[in-house]
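Structure, as structure tokens:
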Number of protein chains: 2
Amino acid sequence: MVEQRLDATFAALADPTRRGMLASLAKGEASVGELAAPYAMSLAGASKHLGVLERAGLVERRRVGRQHLCRLKAERLAEADRWLKQWERFWTASLDRLEVLLAEEKIT
Amino acid sequence: MVEQRLDATFAALADPTRRGMLASLAKGEASVGELAAPYAMSLAGASKHLGVLERAGLVERRRVGRQHLCRLKAERLAEADRWLKQWERFWTASLDRLEVLLAEEKIT
DNA sequence: TCGTTGTTCAACCATATGGTTGAATATGGC
DNA sequence: GCCATATTCAACCATATGGTTGAACAACGA
């Protein structure tokens with residue numbers, strides 16, 4: 001279900017290392033070693049983070065020679081974005097004020 | 001920093017109970033008891049979830065009589081949304097194809 | 001075939017998370 | 001003042017998470 005996918009997606013995004021790896025992948029495919037390089041962390045640790053991203057469906061890994069190349073998969077990000085859009089009206093300036101008033105005055 | 005706020009925001013969103021509570025709050029202010037009602041969970045448990053949402057800045061609590069009323073705060077949701085927008089081009093149909101090709105062909 | 005490179009696996013550790021229960025606190029009504 | 005209501009606090013438990021290390025595996029180069 002979408003609910004469980006959102007659990008995994010948001011959990012995967014709740015870590016700066018993983019968000020950074022996604023940012024790297026936005027520039028194109030990269031190997032595990034390349035993705036791990038910026039972080040003061042063992043390769044095994046970085047590989048685990050990629051595992052989280054992969055299980056959440058945010059990244060695809062394929063083997064090329066002895067490298068494992070990773071590629072961004074955007075569909076789940078789109079799904080998370082659609083979920084967040086539900087609240088767009090709350091942060092849209094003019095409507096935000098209105099919603100606050102609605103909440104306060106209990107006008108339904 | 002925005003990075004740490006994103007950690008807290010995405011972590012808070014990575015739980016179906018908390019997302020459900022936010023959905024309830026979209027309809028207006030509600031007490032802890034009201035927010036807890038739909039869930040097969042102790043009140044203390046629900047209160048902890050609200051604590052997570054509050055520390056993440058997604059919810060504001062104020063005391064009214066013996067009730068603690070909660071209200072949605074949308075700014076952090078907007079921040080998360082802006083972050084996700086970075087990848088919009090990857091899931092936009094026509095550009096998605098292009099990006100995949102760019103990644104595969106290593107055209108920079 | 002042997003060593004090197006790239007990556008994963010397995011075991012382990014510390015801390016965080018999601019939940020419980022029972023007691024404590026604060027407010028309102030009688 | 002006393003009892004009921006609304007909520008939090010504190011202690012506890014099981015499991016998940018983020019990290020480590022050392023060994024294993026797979027592929028390339030000589």
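The values are calculated or read from the model by the stated rules, or taken from the named source; none is laboratory data. Remember, it's a predicted structure, so these values are computed and weren't measured experimentally. With ideal geometry, Cβ positions are generated from the backbone for all residues, glycine too; neighbour counts draw on all protein chains shown. Accessible surface is based on the protein model in full, side chains and every heavy atom, while ligands, DNA and RNA are left aside. Shrake-Rupley method; radii C 1.70, N 1.55, O 1.52, S 1.80 Å.
Examine region B:66-77 for a residue that is within 30 Å of A:LEU72 (Cα to Cα), in contact with a helix residue (DSSP H, G or I) (Cβ under 6 Å, 6 or more places away or on another chain) and exposed (fewer than 15 other Cβ atoms within 10 Å of the Cβ), and state whether such a residue exists. Looking for residues that are within 30 Å of A:LEU72 (Cα to Cα), in contact with a helix residue (DSSP H, G or I) (Cβ under 6 Å, 6 or more places away or on another chain) and exposed (fewer than 15 other Cβ atoms within 10 Å of the Cβ), one finds none in region B:66-77, hence no.
Pairs meeting the criteria (first residue in region A:68-91 and more than 7 Å from chain B (Cβ to nearest Cβ), second residue hydroxyl-bearing (Ser, Thr, Tyr), beta carbons under 7 Å, at least 6 apart or on different chains) are A:HIS68/A:SER31; A:LEU69/A:SER31; A:ARG76/A:THR9; A:GLU79/A:THR9.
For region B:47-63, the criterion of a residue being open to solvent by 20 Å² or more (accessible area, probe 1.4 Å) and within 11 Å of another protein chain (Cβ to nearest Cβ) is satisfied by at least one position.
When A:VAL2 is tested against (1) touching a residue at least 60 places away in the same chain (Cβ under 8 Å); (2) open to solvent by 40 Å² or more (accessible area, probe 1.4 Å); (3) within 19 Å of B:ASP7 (Cβ to Cβ), exactly one condition is not met: (3).
Hey, among the residues in region A:20-35 that are over 20 Å from B:THR92 (Cα atoms) and open to solvent by less than 30 Å² (accessible area, probe 1.4 Å), which one's farthest from the other protein chains (Cβ to nearest Cβ)?
Here is the first cut: in region A:20-35, the ones over 20 Å from B:THR92 (Cα atoms) are A:20-21, A:30-35.
Within this subset, residues satisfying the condition of being open to solvent by less than 30 Å² (accessible area, probe 1.4 Å) are A:20-21, A:30-32, A:35.
Numbers: A:GLY20: 9, A:MET21: 13, A:ALA30: 9, A:SER31: 12, A:VAL32: 16, A:LEU35: 14 Å.
It comes out as A:VAL32.
Give region B:40-62 a look and list any residue that's charged (D, E, K, R) and within 6 Å of DNA strand C (Cβ to nearest atom), or say none. It would help to see each step written out before you state the result.
Taking region B:40-62 first, the residues charged (D, E, K, R) are B:48, B:54-55, B:60-62.
Across region B:40-62, the qualifying residue is only B:LYS48.
Among the residues that make up region A:36-45, is at least one of them without any contact (Cβ under 8 Å) to a residue 40 or more places away in the chain, hydroxyl-bearing (Ser, Thr, Tyr), in a loop (DSSP other than H, G, I, E, B) and exposed (fewer than 13 other Cβ atoms within 10 Å of the Cβ)? Step through it out loud before you land on a result.
First, the residues of region A:36-45 that are without any contact (Cβ under 8 Å) to a residue 40 or more places away in the chain: A:36-45.
Then drop every residue that is not hydroxyl-bearing (Ser, Thr, Tyr), which leaves A:39, A:42.
Within this subset, residues satisfying the condition of being in a loop (DSSP other than H, G, I, E, B) are A:39, A:42.
This time we only want the ones that are exposed (fewer than 13 other Cβ atoms within 10 Å of the Cβ), so: A:42.
Yes.
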